[in-house]
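Q: Structure below; questions to follow.
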Amino acid sequence: MARDPDAVLLESVRVHRARLRAAFLHGDLRDRRTTNDNVRRFVGSVVVAALACAGCAGYSFVQANSGSLRGGPTSPQTTIGTTP
């Protein structure tokens, strides 16, 4: 199916104008991609780091309280300074 040459020309002009408008408003395409990609990577890294910290804190909490969570005996409390 062949496209109308006039429609192709009008579409290419529309795309060209949109690209020029975007370049005028937001700067060079190279700079925009680098900034957007780096911001996304930074936000993604912060999210992954927060999840890792939360996972480590949760694991530590479960390990420290595993006796009380199971209903088993807790560690004996020692008193300092008393002699039997």
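The values are calculated or read from the model by the stated rules, or taken from the named source; none is laboratory data. Everything numeric in this text was worked out from a predicted model, so none of it was measured. Methodologically, a virtual Cβ is constructed for each residue, glycine included, from the backbone with ideal geometry; neighbour enumeration extends over all protein chains shown. The protein model used for the area step is the full one, side chains on, heavy atoms only, and it has no ligands, DNA or RNA in it. Shrake-Rupley method; radii C 1.70, N 1.55, O 1.52, S 1.80 Å.
Q: Quick one: how many residues across region 30-50 are open to solvent by 100 Å² or more (accessible area, probe 1.4 Å) and at pLDDT 85 or above?
A: Final tally of qualifying residues: 3.
Q: Then there's this: Which pairs have Cβ atoms under 9 Å, sit 6 or more apart or on different chains, and link a residue in region 1-29 that is of a type outside the set (S, T, N, Q) and exposed (fewer than 10 other Cβ atoms within 10 Å of the Cβ) to one that is at pLDDT 80 or above and not in a helix (DSSP H, G or I)?
A: Hits for this filter: zero, empty list.
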